[in-house]
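The values are calculated or read from the model by the stated rules, or taken from the named source; none is laboratory data. Please read these numbers as outputs of a predicted model, since none were measured by experiment. Backbone-built Cβ (ideal geometry, glycine too); neighbour counts: all protein chains shown. Accessible surface is based on the protein model in full, side chains and every heavy atom, while ligands, DNA and RNA are left aside. Shrake-Rupley method; radii C 1.70, N 1.55, O 1.52, S 1.80 Å.
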Amino acid sequence: MQLVLTKNIDGGGKRVDFAAYARSGGYEAVRKVVGKLAPADVVQVVADSGLAGCGGGGFPTGRKWQAMPSRAARPGPRYFIVNADEMEPGTFKDRYLMEGDPHQLLEGIVLAAYAVEADEAYIFVRGEYFQAIAALEAAIAEAQAAGVLGGLTIHVHAGVGRYICGEETALLNSLEGKRAIPRAKPPLPQVSGLFGCPTIVNNVETVCNVPHIVRHGAEWFRGLGVGDEAGTKIFGVSGRVNRPGVYELPMGTSLRVLIEEFAGGMRDGFQLRAVLPGGASTGFLGVEKLDTPMSVAGMAAAGSRLGTGNVMVLDDKTCPVGFIRNLQHFFAQESCGWCAPCRDGLPWVDQILAAMETGQGRQSDLAVLADMPGRMGPGKTFCGLAPGAMASLETGLKMFAQDFTRHVQERVCAWA
Ligand SMILES: Cc1cc2nc3c(=O)[nH]c(=O)nc-3n(C[C@H](O)[C@H](O)[C@H](O)COP(=O)(O)O)c2cc1C
């Protein structure tokens, strides 16, 4: 397996500055297209590349951009927003991209804003990402001085630590100074987004792919994947592996190659029991699924989701009930309270799991837990927060049924 390096990741606190970025071909794509290619042609290149959104949904980026009404059809302000909220537990890829190579993101923003004819851009960044914020601000100053932003204003907006702000419509409310609750869709943000104007929201990693696609072409990008899906993907691995971290690999790389070759396999004394393949909002896969390709279709066929592509590894010495409780506690805390199933259901799940962990669980609780995904699954709530939370609960209840039963019957956590 060869590591394909199309994006420079430097997690060591060092930032690729303007001079270094320009030396490696940085801002060439901007010079190649801005004022030379029609915006719609740039959208077409991105559509042809097969780039899929890296924020968790995997939606085709070109199709999203094509849904933006033309300037002639909708005169007035238009916005391009980078979603850099990254509060999903176990997901830490965007942080590396911003801290290590902020110009790559800026170049992607300039190209994307040109393609969708946006006048202004915002980077909505997680407030605790101090180093990323500093790196972005320094890079914007350098890019302005070098004249490569072409008059585009890029605002860095630090959030104040709510997971719901990563949901794109709650993000829009937050940017407008309103309470961060999701909006009804339709209308889509492309039609009525920030301040009611046409708006595109894309994830950091999605945008970082754009300069490379524009520079090397759609065919080149398509060819980087090892299966049917295009490009490279920044996968992350956390848990008791030898080398936790982020790895940029071809889309479609198997879970096994990622965990065993790149993350160095399990630490001595630990065995892999299951994984959440795409962050905290995806369902568990067992060891028998390790040869599944890490792609949108591959993970769906295996019964989970690619999500953010950041794998959380569960080992044989960690209590799965406690692991799931930890996640549910996070989701319960982060519910914005806007819709009742999420506001009331998630704390209930959290309380039941906390009771089980301390030997207070009852047999009847198992039926209550099993009933929850049907009440908070896809389509039952206003946004994707609770359905995401239900993924690990629903699959975990089946995969670790014996562990749950033991907690209830023996009234103790065997791992405590
Ligand atoms: C509760 C919740 C939190 C989310 N958090 C993030 C986030 O931190 N970053 C992100 O890019 N997308 C996040 N998303 C997905 C966004 O709503 C949206 O789909 C994404 O920004 C689109 O970008 P993409 O098409 O480039 O993937 C979240 C979704 C939900 C439901």
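May I ask you to verify whether G239 is of a type outside the set (S, T, Y) and in contact (Cβ under 8 Å) with a residue 24 or more places away in the chain? Quick ask: steps written out before the conclusion?
Working: of a type outside the set (S, T, Y): yes; in contact (Cβ under 8 Å) with a residue 24 or more places away in the chain: yes.
So G239 passes the test.
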Near pairs, Cβ below 6 angstrom, 6+ apart or cross-chain, from region 180-199 (farther than 11 Å from I81 by Cβ) to any residue that is β-branched (V, I, T) and open to solvent by less than 60 Å² (accessible area, probe 1.4 Å): A180/I164; P182/T169; R183/T169
Being among the aromatic types (F, W, Y) and free of Cβ contacts under 8 Å to residues at least 12 places away in the same chain is the requirement here; does F59 meet it? yes
Going by what's in this entry, would E248 be described as closer than 21 Å to S295 by Cβ, touching a residue at least 40 places away in the same chain (Cβ under 8 Å) and not in a helix (DSSP H, G or I)? yes
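Condition (residue is farther than 17 Å from A391 by Cβ and in a helix (DSSP H, G or I)) applied to region 308-325: is it met by at least one residue?
Of all residues in region 308-325, those farther than 17 Å from A391 by Cβ come to 315-319, 322.
Going one step further and asking which of them are in a helix (DSSP H, G or I), we end up with 322.
Yes, region 308-325 has at least one match.
If you check E99 against the conditions, is it open to solvent by 10 Å² or more (accessible area, probe 1.4 Å), more than 12 Å from the ligand (Cβ to nearest atom), under 24 Å from L385 (Cβ atoms) and among the charged types (D, E, K, R)?
Values: open to solvent by 10 Å² or more (accessible area, probe 1.4 Å): yes; more than 12 Å from the ligand (Cβ to nearest atom): yes; under 24 Å from L385 (Cβ atoms): no; among the charged types (D, E, K, R): yes.
Spelling it out, it is not the case that E99 is open to solvent by 10 Å² or more (accessible area, probe 1.4 Å), more than 12 Å from the ligand (Cβ to nearest atom), under 24 Å from L385 (Cβ atoms) and among the charged types (D, E, K, R).
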Single unsatisfied condition, A38 versus (1) more than 16 Å from the ligand (Cβ to nearest atom); (2) among the small types (G, A, S); (3) at pLDDT below 95: (3)
Restricting region 145-174 to residues that are hydroxyl-bearing (S, T, Y) and either in contact with a helix residue (DSSP H, G or I) (Cβ under 9 Å, 6 or more places away or on another chain) or surrounded by fewer than 19 Cβ atoms within 10 Å (Cβ to Cβ) (or both), the residue that is nearest to P187 (Cα to Cα): S174
In the list G196, G245, G225, G217, which residue meets the criterion of being open to solvent by less than 40 Å² (accessible area, probe 1.4 Å), more than 16 Å from the ligand (Cβ to nearest atom), under 19 Å from V42 (Cβ atoms) and not charged (D, E, K, R)? G217
Take G217 and tell me if it is farther than 30 Å from G379 by Cβ, at pLDDT below 95 and of a type outside the set (V, I, T). no
Sort through A139, A134 and tell me the only one that's more than 20 Å from G193 (Cβ to Cβ) and without any contact (Cβ under 8 Å) to a residue 12 or more places away in the chain. A134
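Here is a yes/no grid of residues against (1) within 16 Å of the ligand (Cβ to nearest atom); (2) touching a His at 6+ places or on another chain (Cβ under 9 Å); (3) open to solvent by less than 70 Å² (accessible area, probe 1.4 Å); (4) without any contact (Cβ under 8 Å) to a residue 60 or more places away in the chain:
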{"residue": "G298", "(1), (2), (3), (4)": "no, no, yes, no"}
{"residue": "Q333", "(1), (2), (3), (4)": "yes, no, no, yes"}
{"residue": "P341", "(1), (2), (3), (4)": "yes, no, yes, yes"}
{"residue": "Q351", "(1), (2), (3), (4)": "no, no, no, yes"}
{"residue": "Q360", "(1), (2), (3), (4)": "no, no, no, yes"}
{"residue": "G379", "(1), (2), (3), (4)": "yes, no, no, yes"}
{"residue": "T395", "(1), (2), (3), (4)": "no, no, yes, no"}
{"residue": "Q402", "(1), (2), (3), (4)": "no, no, no, yes"}
Single unsatisfied condition, G151 versus (1) more than 16 Å from the ligand (Cβ to nearest atom); (2) at pLDDT 95 or above: (2)
Listed residues E142, E88; which is open to solvent by 20 Å² or more (accessible area, probe 1.4 Å) and within 11 Å of the ligand (Cβ to nearest atom)? E88
